[in-house]
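See below for the structure under consideration.
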Ligand code: ATP
Ligand code: MG
């Protein structure tokens, strides 16, 4: 229905011929811009800091391609809008009324993002999605957030569950908020997409900016999420302790459980960084305990060879094995996420039982540093990344866009919500990085030919880009 396509859509469609932006399968999808074109000159043009920059403003048509390596004769694939300040903005500075909300688990860097959002803007508010309709709002000023980036956690508070789209948008409307900054993981970004759709349905002039927070690095499309570097770095301390414990005992085993519900990036990178790890188990790579080529046999071999070993396990690994052996039913948290069973504890008992039955002396020390890692302040590189993410989010919201912001191939880009929420970023066990890990730990791959074929098939189908849902009124035919 072409009549429902706005001016911005039309301009967009014109430049969307071929592979641009959100054109998937040659169907132009939703543009993430408020209905009218931005009209106000960007006040940054008068800022002395920017006078030295050769080309400060980002050209409206600049894009960032999702794929950097393009094979011969293949299409260039999907592009995203390049993030950055625009020549014209949608809101005048003094009419901006912004709010910030943080949802989901803690992640190093949250306070840095909040600080940088506040320092770029003025009055703000807060505490999980419930925070939108609590009376407990917090007004933030550059002065009040001055040193919060040196602290872990989130000054706004966070929670799970309690997402009521209509109530949230009622509050946005009642309070006259026109920029909503939502910092959170996969669940939060899905929530942000729902809020965005409701805002569009009501025709409100509100920009929604999602800033992906996921310590697991499991958000699709983007190179890396903030807090991930800090988590990998802090995980080294736990691995070092496990190594010291293991080395100090006859047949000592140090077992470290790291974050990673569905994606084993922290475990993989922490293992690659440490070089003390003999086995890394992640959710993406199935493993088994008993028999030829199983984990127990490998542990036994390593102890015989080396007298000690270190195992790193991601929290989501081996869940099927535990569920089978304990025959427990699935439980959920307030946001509807599956509650995981403790793989570290389960492995500890399994390994102990195995060596007891073999009458072999051994000691196992299990370390779970999860909440210590989540609560630390972000490191230097994450601090810089958080700052840039916050600035990109502000520039996009000022220009009237609604999006999730993130680094794509090293460039900041505005990504439509549905692109980041419909799939999850996972370790590809058919990729070179996982092969590097296997060669660095020397662990068995635990994979049968059938597992490998399945993984390759999954990779092939996962390459198909997802389509937006529930936005038919924005789609031009
Ligand atoms: P993390 O898992 O990294 O800790 P998260 O953002 O995924 O972060 P959740 O607790 O799963 O954390 O979700 C945060 C908020 O998003 C919750 O308030 C939850 O109700 C809401 N939410 C989750 N999924 C959806 C969805 N599909 N639609 C609307 N809201 C959602
Ligand atoms: Mg989540």
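Within region 296-337, being over 17 Å from residue 279 (Cα atoms) and in contact (Cβ under 8 Å) with a residue 60 or more places away in the chain holds for 333, 334, 335, 336, 337. Listed conditions (1) closer than 25 Å to residue 230 by Cα; (2) modelled with pLDDT of 80 or more; (3) part of a loop (DSSP other than H, G, I, E, B) are all met by residue 141, apart from (1).
Somewhere in region 20-31, is a residue modelled with pLDDT of 70 or more, crowded, with 18+ Cβ neighbours inside 10 Å and in contact with a helix residue (DSSP H, G or I) (Cβ under 6 Å, 6 or more places away or on another chain)? I'd like the intermediate steps shown before the answer.
First pass over region 20-31, keeping only residues modelled with pLDDT of 70 or more: none.
There is no residue in region 20-31 that is modelled with pLDDT of 70 or more, crowded, with 18+ Cβ neighbours inside 10 Å and in contact with a helix residue (DSSP H, G or I) (Cβ under 6 Å, 6 or more places away or on another chain).
Picking from residues in region 434-456 that are part of a helix (DSSP H, G or I) and under 18 Å from residue 269 (Cα atoms), the one that is nearest to the chain's Cα centre (by Cα) is 434. Restricting attention to region 325-383, which residues are assigned to a strand (DSSP E or B) and within 16 Å of ligand 1 (Cβ to nearest atom)? Answer for region 325-383, where residues must be assigned to a strand (DSSP E or B) and within 16 Å of ligand 1 (Cβ to nearest atom): 332, 338.
For residues that are part of a loop (DSSP other than H, G, I, E, B) and buried (at least 20 other Cβ atoms within 10 Å of the Cβ), tally how many sit in region 158-176. Write out each step before concluding.
Kept after step one, since they are part of a loop (DSSP other than H, G, I, E, B), are these residues of region 158-176: 158-164, 175-176.
Narrowing the set further to residues that are buried (at least 20 other Cβ atoms within 10 Å of the Cβ) leaves 158, 163.
Summing the residues that are part of a loop (DSSP other than H, G, I, E, B) and buried (at least 20 other Cβ atoms within 10 Å of the Cβ) in region 158-176 gives 2.
If the condition is being at pLDDT below 90 and more than 16 Å from ligand 2 (Cβ to nearest atom), then region 150-174 contributes 150, 151, 152, 153, 155, 156, 157, 164.
Does at least one position in region 300-318 carry a residue that is at pLDDT 95 or above, part of a helix (DSSP H, G or I) and under 29 Å from the mean Cα position of the chain (by Cα)? For region 300-318, residues at pLDDT 95 or above, part of a helix (DSSP H, G or I) and under 29 Å from the mean Cα position of the chain (by Cα): absent. Scanning region 192-212 for residues that are part of a helix (DSSP H, G or I) and surrounded by fewer than 24 Cβ atoms within 10 Å (Cβ to Cβ) yields 194, 197, 198, 199, 200, 201.
Identify the residue in region 177-190 that is within 21 Å of residue 153 (Cα to Cα) and assigned to a helix (DSSP H, G or I) and, among all such residues, is nearest to the chain's Cα centre (by Cα). Don't jump to the end; show me each part of the working.
Filtering region 177-190 down to residues within 21 Å of residue 153 (Cα to Cα) leaves 180-189.
The next check asks that each one be assigned to a helix (DSSP H, G or I); those that pass are 186-189.
Numbers: 186: 7, 187: 10, 188: 10, 189: 9 Å.
Residue satisfying both the conditions and the ranking: 186.
Residue-level analysis places residue 297 outside the set of residues that are within 16 Å of ligand 2 (Cβ to nearest atom) and either more than 30 Å from residue 378 (Cβ to Cβ) or modelled with pLDDT under 95 (or both). Here's a check for you: in region 217-271, which residue that is within 16 Å of ligand 2 (Cβ to nearest atom) and in a helix (DSSP H, G or I) is nearest to residue 372 (Cα to Cα)? Checking each candidate, the answer is 231. Listed by first and then second residue, the pairs linking a residue in region 170-189 that is more than 8 Å from residue 101 (Cβ to Cβ) to a residue that is within 14 Å of ligand 1 (Cβ to nearest atom) and in a helix (DSSP H, G or I), with Cβ atoms under 6 Å apart and 6 or more places separating them unless they lie on different chains, are 171/132; 171/133; 189/420; 189/421.
Picking from 266, 282, which residue would you name as being surrounded by 23 or more Cβ atoms within 10 Å (Cβ to Cβ), touching a helix residue (DSSP H, G or I) at 6+ places or on another chain (Cβ under 7 Å) and free of Cβ contacts under 8 Å to residues at least 60 places away in the same chain?
Numbers: 282 fails: free of Cβ contacts under 8 Å to residues at least 60 places away in the same chain.
One residue alone meets the criteria, 266.
Within region 202-225, residues that are without any contact (Cβ under 8 Å) to a residue 60 or more places away in the chain reach partners that are within 12 Å of ligand 2 (Cβ to nearest atom) with beta carbons closer than 7 Å, at six or more positions or on different chains, in the pairs 216/259; 216/260; 216/261; 216/263.
The values are calculated or read from the model by the stated rules, or taken from the named source; none is laboratory data. Every value quoted in this text rests on a predicted model; they were computed, and no experiment measured them. In this analysis, Cβ positions are derived from the backbone assuming ideal geometry, glycine residues included, and neighbour counts consider all displayed protein chains.
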